[in-house]
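Undergrad: Provided herewith is a single structure, encoded as structure tokens, for subsequent inquiry.
Throughout, read-outs are computed from the coordinates displayed, never taken from laboratory work. Note that the coordinates shown come from a computational prediction; the quantities given were computed from them, not determined experimentally. So basically every Cβ, Gly included, is an ideal-geometry build from the backbone, and we count neighbours across all protein chains shown.
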Amino acid sequence: MISIHRYLIHTIIIILLQVLIINNIQVNPLINPYIYILIILVLPFKINKTSLIFIGFLFGLIVDIFSDTYGLHAAATTLLAYVRPNLINLAYTKDSFEDGSYPSIRLMGFLMFILYIFLGTFVHHFSFFLLEVFSFNSFHITITKILLNSVLSSICIILYYLIGFKHKR
């Protein structure tokens, strides 16, 4: 279980990391990882759906403000928050969740956690990059951006999770 204080600290670190460092590193025009979606992906299982969608919108809007993306992140994270319960049901096979439990490697297993992270990242990136181009012209480039960024973002998210989230045994 992550305490609310630790979660808020991680949220601030991740948002600052995203808007101050990662958004300013341009290795390739096709690649820009988004790790801030981890904030939405590791919220407790039993969070109210309305609260989840609001939190998704809020964090997306915060990143939009610092990235000049005019609501693209807000739309993509709102969609991610909306489909998150379905992604959890795909990756987590148990019928009930303990109060306060959240998606984790220990609870879901390593492979299912990776699947959950990748699917969430893919949903976010698919909506984000399609909204960004708002056209099916150069669809192959858009799909390439979605796939490359989904893989790189998932790797970065999992690395941050493994390094940043220390769990009590």
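Undergrad: Take Phe97, project a point 7 Å from its Cα along the Cβ direction, then tell me which residues of segment 105-125 have their backbone nitrogen under 20 Å from it.
TA: Those under the cut-off are 105-124.
Undergrad: Now for a separate question. Have a look at Leu107, Leu43, Leu152 and tell me which one the Gaussian network model of the chain (Cα, springs below 10 Å) gives the largest fluctuation.
TA: Leu107
Undergrad: Take each of the peptides 120-131, 46-57, average the number of other beta-carbon atoms within 10 Å over its residues, and list them starting from the highest. Kindly include the intermediate steps, with their values, before the conclusion.
TA: Details: 120-131: 22.1, 46-57: 15.3.
Top to bottom by mean Cβ count within 10 Å: 120-131, 46-57.
Undergrad: Still on this structure: Please compute the length gained on full extension between Leu107 and Thr144, using 0.36 nm multiplied by the number of residues separating them and subtracting their Cα-Cα distance. If you can, show how the numbers build up before the last one.
TA: Values: separation 37, 0.36 × 37 = 13.32 nm, distance 3.23 nm.
Gain on extension, Leu107 to Thr144, equals 10.1 nm.
Undergrad: Next question, about the same structure. List, in order, the whole-Hz ³J(HN,Hα) value for each residue of segment 12-21 obtained from phi through the Karplus relation with A = 6.51, B = -1.76, C = 1.60 and θ = phi - 60°; use x for Gly and Pro.
TA: 5, 4, 5, 5, 5, 4, 5, 7, 9, 10
Undergrad: Note the full-extension length gain between Leu8 and Asn89 as 0.36 nm times their separation in residues minus their Cα-Cα distance, in nm to one decimal.
TA: Details: separation 81, 0.36 × 81 = 29.16 nm, distance 2.57 nm.
Value of the extension gain: 26.6 nm.
Undergrad: Now, a different point. With +1 on the Cβ of every Lys and Arg and -1 on the Cβ of every Asp and Glu, and nothing else charged, how large is the dipole of segment 4-164 about its Cα centre, in debye rounded to the nearest 20? Working shown, then result.
TA: On the way: 7 positive and 6 negative charges, 49 e Å.
Dipole size: approximately 240 debye.
Undergrad: Between helix 49-67 and the chain, what is the angle of the helix's C-alpha long axis to the longest principal axis, kept within 0 to 90° and rounded to the nearest 10?
TA: Tilt of helix 49-67: around 40 degrees.
Undergrad: Each residue of segment 103-111 in turn: what ³J(HN,Hα) in whole Hz from Karplus with 6.51, -1.76, 1.60 and θ = phi - 60°, glycine and Pro shown as x?
TA: Result, rounded to whole Hz: x, 8, 5, 4, 7, 9, x, 4, 5.
Undergrad: Using the Karplus curve 6.51 cos²θ - 1.76 cosθ + 1.60 with θ = phi - 60°, what ³J(HN,Hα) values do you get for each residue of segment 136-144, in whole Hz, with x for Gly and Pro?
TA: 9, 5, 6, 4, 5, 5, 5, 5, 4
Undergrad: To two decimal places, what compactness ratio does segment 4-164 give when its Cα radius of gyration is scaled by 2.2 N^0.38 Å?
TA: This ratio for segment 4-164 stands at 0.99.
Undergrad: Please report Glu132, Glu98 as a ranked list, fewest other C-beta atoms within 10 angstrom at the top and most at the bottom.
TA: If I rank by nearby Cβ atoms, fewest first, I get Glu98, Glu132.
Undergrad: Sticking with this structure for a sec: When a footprinting reagent is the concern and you count Cβ atoms within 10 Å, what order do Val63, Val42, Val133 take, fewest first? Provide the component values of the computation, followed by the final result.
TA: Numbers: Val63 24, Val42 18, Val133 13.
So the residues, fewest neighbours to most, are Val133, Val42, Val63.
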